[in-house]
């Protein structure tokens, strides 16, 4: 199974492509972060599928790519005065994903529960737990690379992305 085969329709969707316009963990955009999480999830889910053939690599990878499908800069104050992005964005991401794609129940669950333990409900599947964990791994890697990027201005952004994308 190839990563591109699982996510091509998502990557080509014009609304999803807008994620490249919004910062997430600077210098990374929401699109960059979503790709990091999806790639790490894909690598590990394929490894797990070799051990457990019933492992749903497709749902895990697609759910990972869509987990932050919100179309706003969460660093800026919202015009409606609402706060608590960390608690609210899984529902917004799931609504956007449902509007644009046909999601399985497992993919919906992955998106809705990827912020556990910040949000009280944990994922209902092992694929959901993997995405939840890979989200934290990718975020930690992005913050670590932000520190490297600040200290080494000669490091090209493509190299930063490669360092995050390399599985352990």
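Being more than 14 Å from the chain's Cα centre (by Cα) and in a helix (DSSP H, G or I) is the filter here, so list the residues in the stretch 4-30 that pass it.
Within the stretch 4-30, 4, 5, 6, 8, 9, 12, 14, 15, 18, 21 qualify.
Could you run through the stretch 21-62 and say how many residues are loosely packed, with under 13 Cβ neighbours inside 10 Å and touching a helix residue (DSSP H, G or I) at 6+ places or on another chain (Cβ under 9 Å)?
Count: 3.
Across the stretch 104-120, which residue is farthest from the chain's Cα centre (by Cα) among those that are free of Cβ contacts under 8 Å to residues at least 24 places away in the same chain, assigned to a loop (DSSP other than H, G, I, E, B) and surrounded by fewer than 21 Cβ atoms within 10 Å (Cβ to Cβ)?
The selected residue is 120.
So which residues in the stretch 29-57 are touching a residue at least 12 places away in the same chain (Cβ under 8 Å) and under 11 Å from residue 68 (Cβ atoms)?
30, 31, 32, 33, 34, 35, 36, 37, 38
List the number of the failed condition for residue 85; all other conditions in (1) more than 16 Å from the chain's Cα centre (by Cα); (2) surrounded by fewer than 19 Cβ atoms within 10 Å (Cβ to Cβ); (3) at pLDDT below 85 hold.
Only one criterion is unmet by residue 85, namely (1).
Is there a residue being modelled with pLDDT under 95, assigned to a loop (DSSP other than H, G, I, E, B), out of contact with any strand residue (DSSP E or B) (no Cβ under 8 Å at 6 or more places or on another chain) and farther than 12 Å from residue 128 by Cα anywhere in the stretch 31-52?
Looking through the stretch 31-52, at least one residue is modelled with pLDDT under 95, assigned to a loop (DSSP other than H, G, I, E, B), out of contact with any strand residue (DSSP E or B) (no Cβ under 8 Å at 6 or more places or on another chain) and farther than 12 Å from residue 128 by Cα.
May I ask you to verify whether residue 124 is surrounded by 13 or more Cβ atoms within 10 Å (Cβ to Cβ) and either modelled with pLDDT of 95 or more or closer than 23 Å to residue 6 by Cβ (or both)?
yes
The values are calculated or read from the model by the stated rules, or taken from the named source; none is laboratory data. Fair warning: this is a prediction, and the values are worked out from it, not measured in the lab. Cβ coordinates were reconstructed from backbone atoms using ideal geometry, including for glycine residues, and neighbour counts include every protein chain displayed.
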